[in-house]
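The structure appears right after this line, and notes come after that.
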Amino acid sequence: MWRKAVSSIPFRAFSSSPTTEIPTLYSFLQPSIFALKPNEQAKQPHDSANSQTKTLTEDQRNTLETTLEKSLVTQNTDEAWKSFKALTTCCSFPNKPLANSLITHLSSLKDTQNLKRAFASVVFVIEKDPKLLSFETVTALLSSMNFANTAAPAFALVRCMFKNRYFVPFGLWGNTLVDISRKSGSLVAFFRVFEECCRIAIDEKLNYLKPDLAACNAALECCCYELESVLDAEKVVATMSVLGVRPDESSFGFLSYLFALRGLEKKIDELENLMVQFGFSNKQVLYNSLIGGYVKSGKIDLVSATILRSLREGNEKDLNFNVETFCQVVKVYIQNGVMKSLASLIVEAQKLESPALEFDKSIGFGIISACINLGLSDKAHSVLDEMNAQGGSVGLGVYVPILKAYSKELRTAEATQLVMDISSSGLQLDAGMYDMLIEASMTSQDFPSAFTLFRDMRDARIHDLKGSYLTIMTGLMENQRPELMAAFLDEVVEDPRIEIKTHDWNSIIHAFCKAGRLEDARRTFRRMTFLQFEPNDQTYLSLINGYVTAEKYFSVLMLWNEIKWKISGDKGKGIKFDHNLVDAFLYALVRGGFFDAVMQVVEKSQEMKIFVDKWRYKQAFMEKHKKLKVSKLRRRSFRKMEALIAFKNWAGLNA
C-alpha cells in the first residue's frame with residue numbers, strides 16, 4: 001500500500017560518493033600517524049627493503065604481544081601502539097582479544113591523535129583480516145567519533161566496511177551515524193551511506209543490515225528538506241516498502257512539506273488518503289509540514305487556508321501547531337507586508353474555535369506569541385489594532401502575550417491601558433496576570449499603574465488579592481513612600497478580601513518616623529486606633545525612636561502615659577512590655593528629664609521582672625543633666641526633686 005502511493009520507480013544500484021569527503025578525511029589524518037621519526041627516516045630505504053621479507057619468529061611475536069598486553073594494563077598507550085606497529089609491519093597481528101582491546105582503548109581516550117590511531121587500525125584490520133575485529137569495537141569507535149564530532153572518518157569507516165564486505169548489523173551503527181550527521185549540519189552524507197546500505201541489504205538479503213524507521217525518516221528528511229528532491233524522496237519510500245518498514249506520522253510530514261513546497265496538490269491529497277488507510281487520525285504533523293512548505297514557497301493564501309482548514313476538519317484537542325510553525329507564518333506575512341491579512345486570519349480562526357478552548361491553545365495566541373518571540377511586540381500590537389479596526393472579536397489569547405511582553409519590557413503604562421481595554425470588552429484576566437503586571441509596575445516605580453491595576457483587580461471581583469497587596473506595600477516600603485502606603489491602606493482597609501493587621505500600620509508608622517515625618521506618623525497612629533487596630537510594642541518602639549531622633553521627649557512622655565494604663569489593665573494583652581520597650585522608654589525619658597515617669601517605668605519593670613542595664617541611663621543622664629542640682633529642683637518642685645533623688649539612688653549616681 002505504501003509503495004503504491006508513489007510513482008513506480010525502478011530501484012537503482014546506489015554507489016557511494018566519497019570524493020566530497022576525501023579532503024576532510026585527509027585533514028583528519030594529517031600529520032600521518034605512521035610518519036617515521038627524524039632519526040628513523042635516514043634508515044627508511046634499507047628498512048623498507050628488509051620489511052618486504054622480514055618475518056617474526058614465534059618468540060619475537062610472543063614478546064611483542066606480551067609487551068602490548070602489559071602496556072594496555074599499565075595504560076602506556078605509546079608503547080602499546082609501538083608494539084602493534086611492529087607486529088603489523090611484519091605482516092603479523094596480535095590475537096583477536098588483544099587487537100580489540102587496543103582499538104577499544106585508543107577509542108576511549110577520545111583525543112584526536114589516538115582517535116586517528118584507532119581509525120587507522122580498524123581500517124587496516126578490516127582490509128587485512130576482518131575476522132579479528134568484533135562488532136562492539138566498531139561501535140565503540142563510532143561512538144567516540146560521535147563524541148569528537150568527526151564526521152568524515154566515521155563515514156569513511158562505514159564505506160570501508162561495505163567495500164570489504166564486513167557487514168555490521170545496522171542497529172549497532174546506524175543511529176550513531178544519524179547523530180554524527182545532524183551534528184555536522186547536514187544529513188546528505190548519511191543519505192548516501194543509507195542508499196548503499198539498502199542496496200546491500202536487498203541484494204544480499206541481509207535482514208540485519210536493514211535500516212530501521214528512524215534511519216529511513218532521516219533519509220527522507222534529507223531528501224525533503226535538504227535536497228528538496230521529489231525523485232529521491234519517492235525512491236526512499238519505495239525502498240521502505242521493499243524492506244517492509246512501516247511509515248509513521250513523521251514520514252508523512254516530511255513528504256507533505258516537500259509536496260507543498262513543489263506545489264503538488266494531487267500528491268498531497270493522495271498522502272492524506274494514505275494516512276487514513278494507515279490509521280493516522282491526528283493530522284497535526286501533516287498540517288505543520290504543509291504550512292512549512294507553503295511558507296518556504298511564499299504561498300500565503302495556502303498558509304491561511306491550511307490553518308483554517310485544520311480548524312474545520314480537526315479535533316481541537318489534537319490541534320497544536322508548534323512554535324516554529326507560528327514563527328514561520330509571522331515571518332512570511334511580515335516579509336510580504338500583509339499584516340492586515342494576519343489580523344484577518346486570527347479573526348476568522350476565532351470564529352471557528354470553540355468558546356471553551358483554552359486561550360493559550362488558540363491560533364491568535366500562537367501568532368501573537370510568535371511576534372513576541374521574534375522581538376516584534378510593536379507588530380503584535382499593530383495586529384491587535386488591525387483586528388479592532390476590522391471590528392473583529394479579540395480574545396484573551398491575543399491580549400495575554402502582549403501583556404507578558406510589556407511586563408517583561410517594563411512598559412507598564414501601556415500594559416495598564418491594555419488591561420483597561422480588556423476589562424471594558426467584558427473579558428477578565430486571572431489573578432496571576434494581575435500579580436505579574438503589578439510586580440512589573442512596582443519594579444519600574446510606576447506606582448499609579450500599580451494602583452490602577454489593583455483597583456481593576458478589585459472591581460473584577462477576584463478573590464485572591466493578597467499577593468498583589470503585599471507586592472504594593474513592600475514596594476512602597478522599599479522605595480520609602482509612606483504617604484502612598486497610608487493612602488493605599490486607607491483605600492482598601494474595608495475590603496473583606498484583604499486581611500489587614502496591626503503590622504501593616506506599623507510599617508507605615510515606621511517609614512514616617514524613619515523619614516522624620518513625625519506628624520504624619522502620629523496622624524497614621526490616630527487613624528489606626530480610630531479603625532480599632534490595637535497598637536503593639538512595635539508601634540510604640542517606632543514612635544519612641546522617631547521622637548528621640550527629633551529630641552521630642554515630651555511626646556514620649558505622652559506615649560508612656562497612654563501605655564502604662566494598658567499594661568496595668570486587661571487591655572495590655574496586645575502589648576508586649578519587654579526589655580526593648582523598657583529600654584526605649586527609659587532612655588528617652590531620662591534624656592528628657594522626666595524622672596517621675598522614669599521611676600514609673602522602673603517600678604513596672606521590677607514588677608514584671610525585666611532586667612535593666614543601668615549603665616546606659618547613667619550615660620544618658622551625664623550627657624544631658626550633669627549640671628542639674630537637687631537644690632534647684634527643691635525650690636521649683638518638691639515632687640521633681642524626689643523623683644530625681646529616687647532615680648540617682650536607683651542608678652547609683654549619688655556615690
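The values are calculated or read from the model by the stated rules, or taken from the named source; none is laboratory data. All values reported here derive from a predicted model rather than from experimental measurement. Quick reminder, even Gly has a Cβ in these numbers, built from the backbone with ideal geometry, and neighbours come from all protein chains shown. Keep in mind that these areas ignore ligands, DNA and RNA; they rest on the heavy atoms of the full protein, side chains included. Shrake-Rupley method; radii C 1.70, N 1.55, O 1.52, S 1.80 Å.
Normalised Debye scattering of the chain at q = 0.10 Å⁻¹ gives log10 I(q)/I(0) of -0.98, counting only Cα atoms as equal scatterers and leaving out solvent. Electrostatic bookkeeping for T524 treats Lys and Arg as +1 and Asp and Glu as -1; over the other residues with beta carbon under 12 Å from its beta carbon, the sum is 0. One chain, two ends: E127 and K361. Fully extended at 0.36 nm per residue, the span grows by 78.4 nm beyond their Cα-Cα distance. For the pair the stretch 487-520 and the stretch 370-442, the centres of their Cα atoms are 32 angstrom apart. Average 1/r across all pairs of distinct alpha carbons in the stretch 279-324, invert it, and you get the Kirkwood radius: 10.8 Å.
Here the stretch 256-306 and the stretch 593-622 have alpha carbon centers that stand 89 Å from each other.
Here, the stretch 181-322 yields an orientationally averaged convex hull projection of 9.0 nm² when only Cα atoms define the hull. For the stretch 432-546, the pair-distance distribution built from all alpha carbon pairs, in bins 10 Å wide starting at 0, is 14, 46, 31, 9, 0 percent.
Let me cross-check R458: its accessible surface, 1.4 Å probe, with only protein heavy atoms counted, in Å² to the nearest 10? For R458, solvent-accessible area is about 50 Å². Charge dipole of the chain (Cα centre as origin; +1 on each Lys and Arg Cβ, -1 on each Asp and Glu Cβ, all else neutral): 3100 debye, rounded to the nearest 20. In percent, rounded to a whole number, the relative contact order of the chain is 6, using alpha-carbon pairs under 8 Å and six or more apart. You can think of it this way: the chain between E642 and E491 has 49.3 nm of extra reach, that is 0.36 nm per residue less the Cα-Cα gap.
Counting every pair of alpha carbons in the stretch 309-375, the share spaced more than 16 Å apart comes to 45 percent. I'd like the orientation of helix 112-128 relative to the chain: the angle between its Cα long axis and the longest Cα principal axis, in ° from 0 to 90, rounded to 10. Roughly 30 degrees, rounded to the nearest 10. Peptides 611-618, 106-113, 397-404 ordered by packing proxy, namely the average of other Cβ atoms within 10 Å per residue, highest first: 397-404, 106-113, 611-618. With respect to the chain, whose longest principal axis is taken over its alpha-carbon atoms, helix 447-459 is tilted by about 90°. Note on surface exposure: M599, M145 rank M599, M145 by accessible area, highest first, 1.4 Å probe. List the pairs from K501/K618; K183/K266; K70/K131; K466/K604; K110/K296; K183/K296 whose alpha-carbon separation is above 32 Å, in the order I gave them. Table pairs above 32 Å Cα-Cα are K501/K618; K183/K266; K466/K604; K110/K296.
With a simple spin-label model that places each label point 7 Å from the Cα along the Cα-to-Cβ direction, the separation between K82 and E562 comes to 9.5 nm.
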